[in-house]
Structure formats: C-alpha cells, structure tokens
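Since the structure comes first, as structure tokens, the remarks are kept for the end.
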Amino acid sequence: MKNDAATLTSPDALYEVLQERLDDPHEVDLRRKANLAAEINQLKKERNAVILGHNYMEPALFQTIPDYTGSSLELSRLAAEAEADTIVFCGVRFMAETAKIVNPNKTVLLPAEEAGCSLAESITAEDVRQLRKRYPGVPIVTYVNTYADVKAESDICCTSSNAAAVVESLDSDQVIFIPDEFLAQNVAQETGKDILFPQKRERKGATGGDGAPAEDLDADMIGWEGRCVVHEMFQVDDIKQAREEHPDTVVLAHPECSPEVVEEADHSGSTSSMIDYVENTDAESYLLLTECSMGENIMGSNPEKDMLKMCWQRCPHMNEITLQDTRRNLANNQYQIEIDEEVRQGALEAVERMLEIG
Ligand code: 13P
Ligand code: SF4
C-alpha cells in the first residue's frame, strides 16, 4: 500500500501524522521519532531511494517512512518494479535478499544486520541438495522465508499468500514443501493432501539413508521441521480464553500458526489478507495471532476498529529495524545485500516462477 506520509520532510507534519495514527499519541518521544522520520524522508530524496516496509514494522516507523507497505509477496512485486537507485528494506534479511535477487544492479540496504528469521535459519542449501538426492524428480517448493542459496536449490518459491496456489500449479503427484512445518500442514489441509515429515519418522527409529523409504513414496507432500518462533507459540487456549472475555471477537491467525490454531480461528491468511479481512468486515473486535505491531498498524488507517492486544510474542528480528538504524544506515549506505551471481540466478528462477503464478 502506498504511504503518502513517506514524502513528508517536515518534522511538524510528521508529528501530526504520528499523533493521528498511533494508539498512544501521548508517547513522550513522538517528537524525536518525527524528527528522525523527517531526516530519513529527506535522505531518501537526496539518494533517490525507496523504502519498502513490511506490515510487521513498529508503528511509528510503519506510519512515516516506508513509501510502500505490504506482505512479503506484495513487497517482492514492488521490489521487482522499483525504479529508485537504492531500495531500503525495512523488514528482515530474506526479504531484502529477494529485492536484490530481482534487482542485481540496485543498491539494496537492510537497516539492521541481525534482522534474520527462525524459518530461514532452519534449513541450508546442503539440506535441500540432500532432499533432491533422496526424492529425485520431486519438485521443491520453498517458502520465501529462506536465504538465497536455499531458494537457488529449489524449483519454485511461495509466500503465505500463494502457497496453496503454487502447490496446486505443479503437475506432480508429490511435492516437497520446505521449511515451515505448520505452513506445510496448513497447505496440505487446504489442498486435500497428506503430508509426511521424514525427520520425525527418523527420530522414531525408522531407517533413513539416501534412498526414500517406501512409505515416503505414497505421501503427497514431504515437509521439513522449521518453525516461526512467534507463531509456534500461539495455542488454541489463547483463542478460547480471549473468546471467554470477548465473546464476539473475531480471531485471525497467520498460516505459520499450528493447524489446530488455524482450525480454531475465524480466518487465516497472509499479513495483507488479515488486514483486508479487518478492513472489509465489521466485527465488535479483532484478535490477531501474529506479530503484535500489526494490530496497531491497522488501527492507524482504521481508527474505528477495535483490536485486542496480545503482545507477549514479538518477532525479535523484525524489531531490530528502528528509525535510528534506518537513518544511520541510509546515511552510511549500509548494510548492503550482496549475493553470489550464480546463486542469484538460481534463486531468481524460483522467485520468477512464483511471481508468474499471481
Ligand atoms: P507475510 O508473507 O504474510 O507478509 O508474512 C511474512 C512473515 O514473516 C510472517 O511471519
Ligand atoms: Fe521469521 Fe517468524 Fe519473524 Fe516472520 S515472524 S520474520 S517467520 S521469525
């Protein structure tokens, strides 16, 4: 989504935006945040830079400096169309890498070097090569929450917006879906497929080895045991307790939550799908089972909506991105994303196949 405030360079104007759009306009450091945002928006002009901001960014940053905000899929598409010389990615490393994969000649900056992702760290390129050896000819669908070298070993990427469509687009009886265990189970449920996790079976003592055991050959989907540190924490009891206190609340869960949580929720979808759902329905209140900043970000443009807060689970990686770091690193032209050209080419094929699916 386009953010008009991102063109403002006056601290007073940005202070007004923050007062209008934030949940707590009495926060004492709003002036300081408005000043930082004004400096960043000025620097962007001088550098011919564009800022892409994920829906999980902290509210003051989200409302003031990204020229565009969105889900991973929307930001990948925007990155592919970007005309600016520099793309600053206010999100996590795998997202900035995707921007570089589709824009090798642009400077892509990630404002905090440490902004990783537990899913991206759960699998390596060597793991994918081993899977290919073990299941020859089976297409590999890789969640976009992975690093470029893992994407390069894959056939096609997906995001939480298009995972089921990507799996269904493949002309194959069997699909490998990595690395998110819960997203894979939710996609299997949605597409009516059964799924097997070889790592779980091997832990129970069955033999592994290079060749796939006979029972793997019957499974429609082969999964991996990666998890999101935020979404794996939500439990069905959280939903039940919230409904006891707020019987008319509508519960939305990201598909990185467990299948039991997704089943109990009223709606499940990508970050942007949850935003659309809230904007286009009229419930008493909403509870989002996802990174907590998003609830406040939605209220910025929908002040009449009542969002219940459940903020005990934060994404430590998304929260690395601050206004201070963005200003400093845009000024110093760091941290630049670099990807080996052969890896980039391989990853580009997997990302472009996904983007073609729509
Ligand atoms: P979306 O693709 O739904 O924006 O989510 C990305 C993510 O990291 C969720 O944890
Ligand atoms: Fe990764 Fe989870 Fe953070 Fe999303 S919320 S960036 S999946 S750790």
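Throughout, read-outs are computed from the coordinates displayed, never taken from laboratory work. Quantities reported herein were computed from a predicted structural model and do not represent experimental measurements. For neighbour counting, all protein chains shown are included, and Cβ atoms are generated from backbone atoms with ideal geometry for every residue, glycine included.
Once Lys and Arg get +1 and Asp and Glu get -1 on their Cβ, which of Ser293, His254, His231 lies farthest toward the positive end of the dipole of segment 211-358?
Ser293
What Kirkwood radius, in Å to one decimal, follows from the Cα pairs of the chain?
For the chain, the Kirkwood estimate is 21.1 Å.
Quick check of the Kirkwood formula: for segment 160-241, what is the inverse mean of 1/r over all pairs of different Cα atoms, in Å?
Answer for segment 160-241: a Kirkwood hydrodynamic radius of 14.1 Å.
Taking springs between alpha-carbon atoms closer than 10 angstrom, which of Ala13, Ala184, Ala112 fluctuates most in the Gaussian network model of the chain?
So, out of Ala13, Ala184, Ala112, the one fluctuating most is Ala13.
Counting residues in segment 96-198 as N, plug N into 2.2 N^0.38 Å and put the Cα Rg over that result.
1.12
Tell me the net charge near Gln313. Cut-off is 10 Å between Cβ atoms, Gln313 excluded, with +1 for each Lys or Arg and -1 for each Asp or Glu.
-2
What number comes out for the charge environment of Thr191, summing +1 per Lys or Arg and -1 per Asp or Glu over other residues with Cβ under 11 Å away?
-3
I'd like to know which of Ser172, Val187, Ala212 lies farthest towards the positive end of the charge dipole of segment 162-302, counting +1 on Cβ of Lys and Arg and -1 on Cβ of Asp and Glu.
Ala212
Treating the beta-carbon of each Lys and Arg as +1 and of each Asp and Glu as -1, no other charges, what is the dipole magnitude of segment 86-238 about its Cα centre, to the nearest 20 debye?
For segment 86-238, the charge dipole is close to 440 debye.
State the percent of C-alpha pairs, over all pairs in segment 301-358, separated by a distance greater than 20 angstrom.
65
Exactly which trypsin sites (Lys or Arg not before Pro) in segment 152-213 are in a DSSP loop and have at most 11 other Cβ atoms within 10 Å?
Counting only loop positions with at most 11 other Cβ atoms within 10 Å, the trypsin sites (Lys or Arg not before Pro) in segment 152-213 are Lys204.
What are the residues whose amide H is under 5 Å from the amide H of Ser285, where those residues sit 5 or more places off or on another chain and H is modelled from the backbone?
Val250
What whole number of Å gives the distance from the Cα centroid of segment 139-186 to the Cα centroid of segment 315-331?
Segment 315-331 and segment 139-186 have Cα centres separated by 29 Å.
Hey, what does the equivalent ellipsoid look like for segment 1-148, semi-axes from the Cα gyration tensor as sqrt of 5 times each eigenvalue, largest first, whole Å?
Its equivalent ellipsoid spans semi-axes of 35, 16, 12 Å.
If you plug each phi of segment 245-259 into the Karplus form 6.51 cos²θ - 1.76 cosθ + 1.60 with θ = phi - 60°, what whole-Hz ³J(HN,Hα) values come out, in order, with x for Gly and Pro?
Per residue, the Karplus-derived 3J(HN,Hα) values read 7, 9, x, 9, 6, 9, 9, 10, 10, 6, x, 7, 6, 5, x Hz.
Counting only other residues whose beta carbon sits under 15 Å from that of Glu244, what net charge do I get with K and R as +1, D and E as -1?
-4
Take every Cα pair under 8 Å in the chain that's 6+ residues apart, average their separations, divide by the length, and report that relative contact order as a whole percent.
Once divided by the residue count of the chain, the mean separation gives 22 percent.
Quick check for me: using +1 on Lys/Arg Cβ and -1 on Asp/Glu Cβ, what's the dipole size of segment 212-300 about its Cα centre, in debye to the nearest 20?
Computed about the Cα centre, the dipole is about 240 debye.
Which longest uninterrupted range of the chain lacks any GluC sites (Glu not before Pro) assigned by DSSP to a loop state (not H, G, I, E or B) and surrounded by at most 13 other Cβ atoms within 10 Å?
With GluC sites (Glu not before Pro) excluded where exposed in loops, the chain gives 115-283 as its longest stretch.
Please compute one quarter of the surface area of the Cα convex hull for segment 255-358 and express it in square nanometres.
9.9
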